Amino acid sequence: MPWIAPDWQSREPNFEPGSLFWRTREFNASPVLYRTVVNLPAKSLRFAAVRIQTRRYAYLFVTRFDRFSDLDPFGKLIARAEAPKEKPDAGVELLADLTPHLLDKKSVVLALSAPSSGFRMEGVLVFGDGSTQILGSEPKLWRAQKFPPLTVLEFEPCMRPDFDDSNWFPVKVVNGATTMPKSQLTAELKAFVESSQKERLKCQTDEARWRLNLLRSKGITIVDDEAFGWGGAGRLPEWIHQIADKLLESLTKGENAENVFLATEALSLFVWASDELTNLANHIKLWRALRQPERAQSCEGQVKNLQPMLQKAEVLLKRLPLLKTGELTEVLAILQMLRQRLLALRHPDMDKALVINDLNWGLENKFGWFDTTALLDNDISRWGLRITTPANVFASPLSPAALVTVKGTEFTLAGWETLKPLRVYRKPADPTPVCVWVVLNGKVQSLRPQPDGTVYDRTQHGRMSENWMLLVCDLSRGGDLPVQLVFLQMPTKVVFQRSEKGTTAVTVTFDKPGARLFVLKPLKEWRGLLRMAQVMTRTPLNEPEVAQYIQQCRLWSRALLCYPVTFSEAFVRDPENPHALIVANAYNYWEFQDEWRTEPLKLAPLPPLASYGLLKGYPGLSILSEAKVLGSWGVWGDHIAVVGNDVIVYRVPIHPFKRFGGFTAFCFGPTDIGVPGNLTELDLIKRTGANSFRPQHNRTDDAAMQLVRWCVERGLQHVFNVDEKWIEDVVEHYRKLAQLCKDLPPDAVAYDLLNEPETREPRAYNALLRRITKAIREVDKTHLIYAEVIAPWGPGAQPYPEAAFANLEPTGDPLTVYSFHDYEYRLMPRYPNERVDIRTLLERWLPAFKFSIDHRAPIHLGEFGGFEQTEEDIYGNRCAHHDCSLTTSASLTDLVGTFTTTATEASSASGETAALKRASSKKPTAAILVGKG
């Protein structure tokens with residue numbers, strides 16, 4: 001193949017030098033891109049590869065077909081080669097395995113970023129029937145174009161096969177062809193592909209193991225680099241667990257790793273699609289509840305059309321790992337098509353979308369459900385107790401109870417003697433159970449342990465009349481609130497294991513293995529503690545005295561037979577209030593029949609944070625369904641639910657300003673504000689879908705205002721942010737900025753008062769916030785203010801962010817947003833993992849939500865990111881200084897995506913908060929955000 005180069009025909013494009021950050025007009029080199037389209041015949045491809053020879057560098061791109069958003073790039077970088085730094089002009093050779101990028105495709109763009117001096121390429125496509133096709137630098141197949149300095153080539157539409165490159169320049173031969181026998185070329189490239197495939201297979205094996213372990217241990221499925229999960233692994237069908245175990249076993253044995261990777265992808269897609277079809281079916285009920293009959297009817301039709309695809313995939317998947325490669329390819333094709341059709345039901349305009357949220361997700365609702373057991377307190381280990389007999393436990397975030405499946409015939413709840421006494425009014429202290437309430441012959445009786453520890457024996461006491469019992473501690477001796485057990489199968493015996501410290505364990509025995517029971521604390525608070533202690537431990541019980549407690553136990557003895565596991569949420573705008581939403585939650589249940597034939601009771605609960613909002617008198621928050629107060633969630637307010645239904649509707653107020661998500665630039669230097677390099681920075685930020693930019697600097701001069709104007713021109717909010725340790729008077733600093741910005745549009749600027757304050761104790765800091773706010777509002781009554789909590793290393797901020805919010809006082813300004821930073825997610829080989837996931841983050845952020853509800857104030861995740869130090873000099877990057885592209889490995893999310901920044905950190909969406917969902921099988925390079933509200 002010949003060496004080819006652009007034929008500029010005396011019309012070579014010339015561009016002004018590029019600027020980036022403070023480096024003005026320093027980037028002179030313009031990237032040259034060579035483009036061809038590979039059209040593939042309708043037959044199977046065995047392998048494809050190319051060898052490229054050029055000078056200095058080569059970056060090879062192909063079409064990206066997995067775009068799910070207009071924000072995603074059109075192409076992706078698949079191979080690169082660079083001359084050594086000590087010989088920057090040396091020749092380079094690039095070998096690229098094209099096989100995974102051409103399989104099952106009709107047309108694919110190959111785009112090469114290389115010097116204008118040209119390149120030589122020789123390659124081969126080998127098909128399943130043994131035929132071959134040479135792919136190389138034939139002049140008639142290639143076109144060339146030059147781009148301005150610092151162009152991000154992945155985002156150029158020329159990466160699409162249907163792009164018209166007729167206006168590009170032809171190429172010409174600048175050096176004669178060298179000929180290698182086809183057999184030799186094929187043999188050499190085949191050897192390279194085999195080596196490449198081994199390395200790729202190793203990476204795929206590692207990724208498959210990570211994904212399967214997440215699915216098996218946490219119920220999290222990874223699809224297209226995004227993590228989906230809710231409640232834990234116990235939510236998934238048992239056959240999913242069994243297949244995941246078989247696939248992990250195959251990986252351990254080294255069996256057919258390529259098929260295991262395909263099977264992992266198929267299994268992950270199935271779990272996602274199954275959830276989304278459940279979500280779609282839920283939207284039928286949601287739209288009806290929200291008086292949107294046309295949308296409900298459309299969802300009904302879509303479920304009818306799509307359900308057979310999922311059913312067919314399930315039939316095939318249940319044969320794993322016995323499926324052959326062709327069958328795996330078939331099930332993958334079904335599920336990928338199903339995913340595309342489900343995603344097509346979304347729409348950027350919420351008023352047009354058939355589906356608004358993922359299953360178990362609530363956009364724009366800070367009062368909604370969290371994937372955590374902290375709110376309803378159903379994590380037995382949090383109580384200080386442990387199950388010491390083999391069992392599977394699933395604690396739905398939607399219920400106060402944990403569901404336990406006993407593997408043997410015994411269930412033991414231990415650790416009582418290690419509990420710390422809470423309030424001791426009678427000595428000696430004893431926080432352990434002293435008696436059990438059991439319903440015998442239709443009457444609630446309090447049973448105390450016999451000398452051998454037996455509390456209940458079916459042969460002695462007879463069959464239980466109802467499906468529950470209550471383990472009662474003495475509140476006056478430091479005991480906690482009682483623990484209820486709700487059974488699906490009748491127990492034969494209950495024994496207290498006793499020591500000098502009291503009851504150390506409670507063991508329940510069943511006739512057969514596999515019994516199931518619920519464990520919960522039905523009472524979330526004490527009222528009249530000593531009175532409760534007296535009447536609840538009395539033997540015999542006086543039923544009228546404990547009627548309210550029996551009522552709660554009987555409520556849960558029925559309600560847990562309809563155990564809520566997942567939910568969907570949709571909303572419409574409140575027609576009577578532009579700053580409110582009408583929200584509906586629809587629930588999915590596991591429905592059980594116990595041996596007593598207890599009548600189940602279906603409840604559609606109000607989320608605890610919404611109950612808390614009502615408790616705090618949050619303006620505009622109200623329930624629209626006919627709901628009842630059924631009990632208490634303790635500190636979170638009343639337990640409110642619609643009885644006998646699976647949907648609840650309520651009104652949610654929202655803050656009356658735009659939501660923002662964007663990036664922070666560390667700009668506390670003297671030369672990086674209001675300079676041409678900012679324009680490149682702003683364009684890159686805008687391309688991610690962000691709408692906010694937070695350049696940190698301490699300036700109020702013309703350069704600062706020039707940057708403001710550039711942001712306004714691009715529709716980006718400009719956020720001022722200072723390090724006040726270097727400012728003579730930060731109050732006067734912001735007074736001046738307010739005078740300069742007071743007449744700008746409301747979304748144009750905001751004031752993030754102090755970056756990560758850590759020099760003052762909380763009282764002094766809160767006083768300073770009020771002074772700065774007062775100075776701004778004397779001049780500017782329009783623009784948002786961001787007030788940050790004290791940084792994690794500052795006084796009174798630990799544990800963070802709980803203590804930081806506890807020590808933050810609202811200023812009383814209605815346009816102030818309260819902000820915190822979180823960098824717990826960083827420097828991890830993979831996310832999510834066994835230590836952290838979305839659940840740990842949401843639980844960590846609960847204090848921020850509580851603060852927002854307590855003070856009726858918006859909250860803001862002001863900085864958030866995962867990253868690692870680059871091995872390159874980011875300002876001496878040869879990719880920017882040579883005539884190649886400024887690349888980004890962007891994989892953009894719904895709002896602000898992973899972005900390979902240089903001096904740019906990521907900032908969150910303001911409004912209520914931002915929540916992490918994105919998954920990464922590599923070390924993270926930047927912030928990953930999806931707005932929860």
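Observations on the model:
- Just one of the listed residues (Trp369, Trp383, Trp361) is of a type in the set (Phe, Trp, Tyr) and over 24 Å from the mean Cα position of the chain (by Cα), and it is Trp383.
- Considering the stretch 37-62, the residues that are assigned to a strand (DSSP E or B), open to solvent by 10 Å² or more (accessible area, probe 1.4 Å) and polar (S, T, N, Q) include one that is nearest to Asn167 (Cα to Cα), namely Asn39.
- Among residues of the stretch 492-503, those that are over 16 Å from Asp474 (Cβ atoms), assigned to a strand (DSSP E or B) and open to solvent by 10 Å² or more (accessible area, probe 1.4 Å), counted: 5
- Count - residues of the stretch 433-458 that are open to solvent by less than 40 Å² (accessible area, probe 1.4 Å), of a type in the set (D, E, K, R) and part of a loop (DSSP other than H, G, I, E, B): 0
- Highlighted here are the strands (runs of 3 or more DSSP E) found entirely within the stretch 593-710 that include at least 3 residues which are at pLDDT 95 or above and out of contact with any Ser or Thr (no Cβ under 9 Å at 6 or more places or on another chain): 628-632.
- Neighbours by Cβ (under 8 Å, 6+ apart or cross-chain): first from the stretch 525-540, acidic (Asp, Glu); second assigned to a loop (DSSP other than H, G, I, E, B) and at pLDDT 95 or above: Glu525/Leu481
- Flag for Thr539 being in a strand (DSSP E or B), hydroxyl-bearing (Ser, Thr, Tyr) and out of contact with any Gly (no Cβ under 7 Å at 6 or more places or on another chain): no
- Asp430 falls short on exactly one of the conditions (1) surrounded by 21 or more Cβ atoms within 10 Å (Cβ to Cβ); (2) acidic (Asp, Glu); (3) not in a loop (DSSP other than H, G, I, E, B), and that condition is (3).
- Among (1) touching a residue at least 24 places away in the same chain (Cβ under 8 Å); (2) open to solvent by 10 Å² or more (accessible area, probe 1.4 Å); (3) more than 32 Å from the chain's Cα centre (by Cα), the one test that Arg714 misses: (3)
- Residue under evaluation Leu419, criteria (1) without any contact (Cβ under 8 Å) to a residue 60 or more places away in the chain; (2) under 39 Å from the mean Cα position of the chain (by Cα), criterion not met: (1)
- Val472 being closer than 22 Å to Glu525 by Cβ, in a strand (DSSP E or B) and open to solvent by less than 10 Å² (accessible area, probe 1.4 Å): yes
- Considering the conditions (1) farther than 25 Å from Tyr587 by Cα; (2) in a helix (DSSP H, G or I), Leu322 is excluded by exactly one of them, (2).
- Those residues of the stretch 363-379 which are more than 18 Å from Lys850 (Cβ to Cβ), open to solvent by 10 Å² or more (accessible area, probe 1.4 Å) and either hydroxyl-bearing (Ser, Thr, Tyr) or at pLDDT 95 or above (or both), in sequence order: Asp379
- Neighbours by Cβ (under 6 Å, 6+ apart or cross-chain): first from the stretch 802-831, farther than 13 Å from Pro858 by Cα; second charged (D, E, K, R) and open to solvent by less than 40 Å² (accessible area, probe 1.4 Å): His821/Glu863
- Of residues in the stretch 766-808 being open to solvent by 20 Å² or more (accessible area, probe 1.4 Å) and of a type in the set (A, V, I, L, M, F, W, C), the one modelled with the lowest pLDDT: Trp793
- Search result, residues across the stretch 504-529 that are modelled with pLDDT under 95, in contact with a Ser or Thr (Cβ under 7 Å, 6 or more places away or on another chain) and loosely packed, with under 14 Cβ neighbours inside 10 Å: Glu525
- Restricting the stretch 131-174 to residues that are over 28 Å from Glu26 (Cβ atoms) and of a type in the set (D, E, K, R), the residue that is least open to solvent (accessible area, probe 1.4 Å): Asp165
- The residues listed here are Ser568, Ser557; of these, the one that is under 37 Å from the mean Cα position of the chain (by Cα), surrounded by 17 or more Cβ atoms within 10 Å (Cβ to Cβ) and in a helix (DSSP H, G or I) is Ser557.
- Checked against (1) in contact with a helix residue (DSSP H, G or I) (Cβ under 8 Å, 6 or more places away or on another chain); (2) buried (at least 20 other Cβ atoms within 10 Å of the Cβ); (3) assigned to a strand (DSSP E or B), Val126 passes all but a single condition, namely (2).
- Scanning the stretch 77-93 for residues that are in a strand (DSSP E or B), surrounded by fewer than 18 Cβ atoms within 10 Å (Cβ to Cβ) and either in contact with a Phe, Trp or Tyr (Cβ under 8 Å, 6 or more places away or on another chain) or without any contact (Cβ under 8 Å) to a residue 40 or more places away in the chain (or both) turns up Ile78, Arg80, Glu82, Gly91.
- Contact annotation: no residue pair with Cβ atoms under 7 Å, 6 or more positions apart or on different chains, pairs a residue in the stretch 552-571 that is more than 30 Å from Trp437 (Cα to Cα) with a partner that is outside any helix (DSSP H, G or I) and of a type in the set (Lys, Arg).
- From the options Ala96, Ala114, residue that is free of Cβ contacts under 8 Å to residues at least 60 places away in the same chain and open to solvent by less than 10 Å² (accessible area, probe 1.4 Å): Ala96
- So Leu185, is it of a type in the set (A, V, I, L, M) and either without any contact (Cβ under 8 Å) to a residue 40 or more places away in the chain or assigned to a loop (DSSP other than H, G, I, E, B) (or both): no
- Within the stretch 268-296, the set of residues being hydroxyl-bearing (Ser, Thr, Tyr) and open to solvent by 10 Å² or more (accessible area, probe 1.4 Å) comprises Ser274, Thr278.
- Selection of the stretch 581-595 for residues being surrounded by fewer than 19 Cβ atoms within 10 Å (Cβ to Cβ) and over 22 Å from Lys628 (Cβ atoms) yields Trp590, Phe592, Gln593, Glu595.
- The one condition in (1) free of Cβ contacts under 8 Å to residues at least 40 places away in the same chain; (2) of a type in the set (Val, Ile, Thr); (3) surrounded by 17 or more Cβ atoms within 10 Å (Cβ to Cβ) that Ile356 fails to fulfil: (1)
- Test result for Gln311, open to solvent by 80 Å² or more (accessible area, probe 1.4 Å), within 19 Å of Trp239 (Cβ to Cβ) and of a type outside the set (Gly, Ala, Ser): yes
- When each of Val173, Val152 is tested for being within 27 Å of Trp3 (Cβ to Cβ) and aliphatic (A, V, I, L, M), the lone residue that passes is Val173.
- Residues that are in a loop (DSSP other than H, G, I, E, B), buried (at least 20 other Cβ atoms within 10 Å of the Cβ) and in contact (Cβ under 8 Å) with a residue 60 or more places away in the chain, drawn from the stretch 219-254: Ile220, Gly229, Trp230, Gly231
The values are calculated or read from the model by the stated rules, or taken from the named source; none is laboratory data. Keep in mind it's a predicted model, so treat the numbers as computed, not measured. For neighbour counting, all protein chains shown are included, and Cβ atoms are generated from backbone atoms with ideal geometry for every residue, glycine included. These accessible areas exclude ligands, DNA and RNA; they are computed on the full protein's heavy atoms, side chains included. Shrake-Rupley method; radii C 1.70, N 1.55, O 1.52, S 1.80 Å.
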